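Undergrad: Would you mind keeping the following structure in view while I ask a few things?
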Protein chains: 2
Amino acid sequence: MTRLQATYDIESPVGIQRAAEVMAGEQSTGTFSRLASETDALRDKSAARIEAVTITGSADHPALPCRLSGVTYEQGRVTISWPMDNFGPSLTNILATIAGNLFELAELSAIRLVGLDVPEALAQACPGPQYGISGTRALMGVDSGPMIGTIVKPSVGLSASQTAALVSDLAAAGIDFVKDDELQGNGPACPFEDRTRQVMQAIDTAAQKDGRKVMYAFNITDEIDAMRRNLDLLDSLGATCAMVSLHSIGLAGLRAVRDHSPLPIHAHRNGWGLLSRSPHIGIAFPVMQKMWRLAGADHLHVNGLANKFTETDAVVTEAARAVQAPLNDTVPHRALPVFSSGQTAWQVGPTMELLGNDDFLFCAGGGIMSHPDGPAAGITSLRQAAAAQKEGVRVEEYAKEHPELATALVTFKSAVTRS
Amino acid sequence: MTRLQATYDIESPVGIQRAAEVMAGEQSTGTFSRLASETDALRDKSAARIEAVTITGSADHPALPCRLSGVTYEQGRVTISWPMDNFGPSLTNILATIAGNLFELAELSAIRLVGLDVPEALAQACPGPQYGISGTRALMGVDSGPMIGTIVKPSVGLSASQTAALVSDLAAAGIDFVKDDELQGNGPACPFEDRTRQVMQAIDTAAQKDGRKVMYAFNITDEIDAMRRNLDLLDSLGATCAMVSLHSIGLAGLRAVRDHSPLPIHAHRNGWGLLSRSPHIGIAFPVMQKMWRLAGADHLHVNGLANKFTETDAVVTEAARAVQAPLNDTVPHRALPVFSSGQTAWQVGPTMELLGNDDFLFCAGGGIMSHPDGPAAGITSLRQAAAAQKEGVRVEEYAKEHPELATALVTFKSAVTRS
């Protein structure tokens with residue numbers, strides 16, 4: 001029987017082995033006192049199974065507040081598997097199983113979901129990204145090199161026409177991609193339809209001039225039917241990307257968008273800190289991004305090197321590589337990693353290096369808009385940084401004959417070195 | 001202009017006042033370097049505003065890993081407001097604003113969203129619970145006293161016919177409410193339609209006998225259109241409740257269910273530990289339940305006193321009271337608190353006491369099924385405990401003349417005292 005397998009880093013006042021048994025029981029056939037109906041046959045068919053238990057250490061105090069107390073708090077890693085027959089290929093119900101009540105168990109003083117093995121049957125039953133990396137490159141008209149993008153700033157406050165004017169400038173400056181901020185949805189100050197129509201007009205006008213259509217990720221986040229209407233509008237206007245706030249629409253919302261969308265889905269993970277920032281509770285990004293890819297995300301945010309938030313470069317690196325890695329041999333469902341947050345010419349080369357390729361979207365806000373010589377110079381500085389990396393030349397060296405890059409390196413040095 | 005207001009408990013390496021400024025900037029008009037387009041007029045119209053700042057203490061070390069370091073880490077509470085014009089009455093986009101990137105800011109070493117003031121216009125624009133407390137009582141046929149419910153156990157493993165047989169027994173035993181476990185969705189081992197048809201047949205047969213229809217919360221959690229089909233099936237069969245896993249379907253999914261559902265929505269918060277268990281990051285339940293009520297949840301889980309999980313009785317009490325409290329004077333949108341997790345006759349009286357009323361659903365699993373004299377005695381013991389509380393008599397005293405209660409108090413003593 002096919003089984004779904006998840007791995008957790010845990011700490012427990014009752015010992016790792018006992019904690020693993022409680023976890024497996026709680027998330028399948030167990031109750032707090034065993035029932036007559038919980039027969040051996042039923043357990044064989046439906047119970048979760050402990051696949052591996054490793055003890056890695058112990059602590060004197062619990063990492064998180066915990067109803068149960070222990071003499072010590074043992075730390076370790078456990079792998080648990082479930083028969084797929086318990087839930088079928090339903091991502092929403094799988095999430096309730098692998099990431100449900102577990103997080104509140106009194107037998108755990110820390111728990112992070114750190115691994116998920118997706119059976120081939122599950123991967124095949126899910127749509128996965130519709131465009132992924134190659135489809136996005138084709139739509140964007142960028143055959144090689146990092147795709148260079150930016151975010152409309154200020155995040156909110158611009159009217160539809162002001163946004164369109166900004167997009168005209170960015171298109172003229174040579175940008176590949178622009179996105180709404182996740183704070184900009186469909187508020188009265190800048191209604192979705194109005195913004196969409198005016199921005200697409202700006203993009204079409206620019207495309208007529210230089211033959212290349214800027215990809216704009218319109219934030220369609222809203223109620224389900226409103227998102228479907230938003231997608232229809234985007235499609236009718238020839239738009240090429242739709243953005244959603246994953247945390248707000250849930251896995252079910254993402255799948256509904258995927259099933260209705262003729263466009264790539266730009267998946268924004270705002271709120272991600274809730275699931276990731278504590279070392280003691282949460283879900284590792286390499287796990288959660290698998291669920292989002294299965295449900296259909298084409299582009300996934302992974303923060304950026306030396307970002308203005310709190311994730312370390314090691315976490316960002318692991319996240320970006322995970323997004324590009326095939327889910328399994330026959331159903332890769334690969335997606336496009338999106339770098340953002342305080343990104344400038346400084347981080348382009350290191351980003352290429354960590355991935356070993358340039359199949360990523362590099363979004364710089366201030367790194368483009370605040371270039372002293374204007375957005376075009378900002379964009380050029382990023383492309384120059386990529387060229388330097390490709391040629392194996394240090395950016396500081398390359399900058400000697402590339403003034404836009406030289407200016408960027410000086411201007412944005414403090415933004416990078418503060419981290 | 002109407003504003004939405006949220007309150008956060010934070011800790012910061014740069015001081016509370018500065019941190020509040022960064023939060024307000026990040027979640028509205030700010031960028032990491034101020035742009036020319038960020039005019040004073042734009043800020044007046046769209047910027048988030050700091051409404052209050054209180055410093056409560058400081059620490060030597062950051063509570064959470066943090067890219068920025070400080071000499072001390074100041075602790076305090078900040079209230080921030082946003083113009084409703086930034087997002088309109090869109091819950092999904094409001095969530096991205098009040099609970100988005102904030103949680104990853106390097107200027108914060110701890111952040112919990114602890115308060116939310118819902119403007120009347122927002123409450124009016126949202127559907128809220130369709131049934132709430134009184135509608136649920138009417139459908140269930142329970143005019144007064146706590147509503148007594150249980151959860152199908154084992155959580156998974158029973159076939160549709162085994163589940164229906166269990167429901168027959170429970171109906172005969174006098175139960176008011178039964179629910180699917182959140183692990184039971186639509187897996188091949190117990191398909192939704194099959195389970196629904198057989199369970200409803202059992203319920204209808206029982207209703208013909210004693211004139212009262214047990215409310216059963218069928219777990220409809222799935223993709224959006226599948227949930228709508230599930231609702232249609234439930235309605236066609238005369239079912240009276242639909243359950244969803246909130247974390248899996250998101251606010252957009254909940255609202256889609258609300259808009260399509262002729263039945264009360266039983267909202268299960270599995271995965272809640274992710275948002276609540278760390279003292280240093282998360283969302284307080286009194287905030288999140290407002291969002292869920294606005295989107296249409298009728299029943300909301302609040303754990304239970306002396307539960308088998310980790311929330312303290314104080315947290316459970318605050319949660320349950322919050323669910324019953326009106327959102328504001330003109331738009332109450334009150335919902336029904338659902339107690340569960342290791343609940344027995346011991347906790348009925350204290351639960352009535354903490355709420356000052358009996359408008360709640362009390363779900364006991366083992367507390368009913370593991371009663372030595374069977375489920376009917378288990379249910380009776382809970383009703384007797386409620387009667388004792390109503391009459392102002394201690395349960396131990398009341399048990400002297402009520403054998404089911406007496407047996408329950410002995411049988412389940414260890415389950416309560418372990419906490």
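The values are calculated or read from the model by the stated rules, or taken from the named source; none is laboratory data. All values derive from a computational prediction rather than experimental measurement. Positions of Cβ are generated from backbone atoms using ideal geometry, with glycine treated the same way; all protein chains shown enter the neighbour counts. Note: accessible area is taken over every heavy atom of the protein model, side chains too, but ligands, DNA and RNA are not part of it. Shrake-Rupley method; radii C 1.70, N 1.55, O 1.52, S 1.80 Å.
Undergrad: Would you tally the residues in segment B:1-49 being in contact with an Asp or Glu (Cβ under 6 Å, 6 or more places away or on another chain) and either modelled with pLDDT of 90 or more or open to solvent by 20 Å² or more (accessible area, probe 1.4 Å) (or both)?
TA: 7
Undergrad: Right, another one. What do you reckon, is A:L251 in contact (Cβ under 8 Å) with a residue 40 or more places away in the chain, within 7 Å of another protein chain (Cβ to nearest Cβ) and either in contact with a helix residue (DSSP H, G or I) (Cβ under 9 Å, 6 or more places away or on another chain) or not in a loop (DSSP other than H, G, I, E, B) (or both)?
TA: The answer is yes for A:L251.
Undergrad: Something else: Would segment A:373-391 turn up any residue that is outside any helix (DSSP H, G or I), farther than 23 Å from A:S134 by Cα, within 14 Å of chain B (Cβ to nearest Cβ) and in contact with a Gly (Cβ under 9 Å, 6 or more places away or on another chain)?
TA: There is no residue in segment A:373-391 that is outside any helix (DSSP H, G or I), farther than 23 Å from A:S134 by Cα, within 14 Å of chain B (Cβ to nearest Cβ) and in contact with a Gly (Cβ under 9 Å, 6 or more places away or on another chain).
Undergrad: Still on this model: Here are some residues: A:T79, A:T29. Which one is among the β-branched types (V, I, T) and within 7 Å of chain B (Cβ to nearest Cβ)?
TA: Criteria check complete, one pass: A:T29.
Undergrad: Next question, about the same structure. All but one of (1) out of contact with any Leu (no Cβ under 8 Å at 6 or more places or on another chain); (2) at positive phi hold for B:H333, so report the exception by its number.
TA: It fails just one condition, (1).
Undergrad: Which one of B:A314, B:A319 is farther than 22 Å from A:A99 by Cβ, out of contact with any His (no Cβ under 6 Å at 6 or more places or on another chain) and more than 8 Å from chain A (Cβ to nearest Cβ)?
TA: Only one candidate qualifies: B:A314.
Undergrad: Of the residues that make up segment A:146-154, is at least one closer than 30 Å to A:S69 by Cβ and at the interface with another protein chain (Cβ under 8 Å from one of its Cβ atoms)?
TA: So far as segment A:146-154 goes, no, none of its residues is closer than 30 Å to A:S69 by Cβ and at the interface with another protein chain (Cβ under 8 Å from one of its Cβ atoms).
Undergrad: On the phi < 0 side of the Ramachandran plot and crowded, with 22+ Cβ neighbours inside 10 Å: does that describe A:Q347?
TA: It is true that A:Q347 is on the phi < 0 side of the Ramachandran plot and crowded, with 22+ Cβ neighbours inside 10 Å.
Yes/no per residue for (1) crowded, with 16+ Cβ neighbours inside 10 Å; (2) outside any loop (DSSP other than H, G, I, E, B); (3) away from chain A (no Cβ under 14 Å):
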residue: B:R112; (1), (2), (3): yes, yes, no
residue: B:A123; (1), (2), (3): yes, yes, yes
residue: B:V142; (1), (2), (3): yes, no, yes
residue: B:V156; (1), (2), (3): yes, no, no
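Undergrad: Can I ask one more? Hey, can you tell me all the residues within segment A:183-198 that are surrounded by fewer than 24 Cβ atoms within 10 Å (Cβ to Cβ) and outside any loop (DSSP other than H, G, I, E, B)?
TA: Residues satisfying the conditions are A:E193, A:D194, A:R197, A:Q198.
Undergrad: Same structure again: Those residues that are without any contact (Cβ under 8 Å) to a residue 60 or more places away in the chain and outside any helix (DSSP H, G or I), I need them from segment A:158-175; list them, please.
TA: Selection gives A:L158, A:S159.
Undergrad: Continuing with the same structure: Of all residues being at the interface with another protein chain (Cβ under 7 Å from one of its Cβ atoms) and free of Cβ contacts under 8 Å to residues at least 40 places away in the same chain in segment B:254-271, which is farthest from B:A106 (Cα to Cα)? Just the residue, please.
TA: Per the stated criteria, the residue is B:A256.
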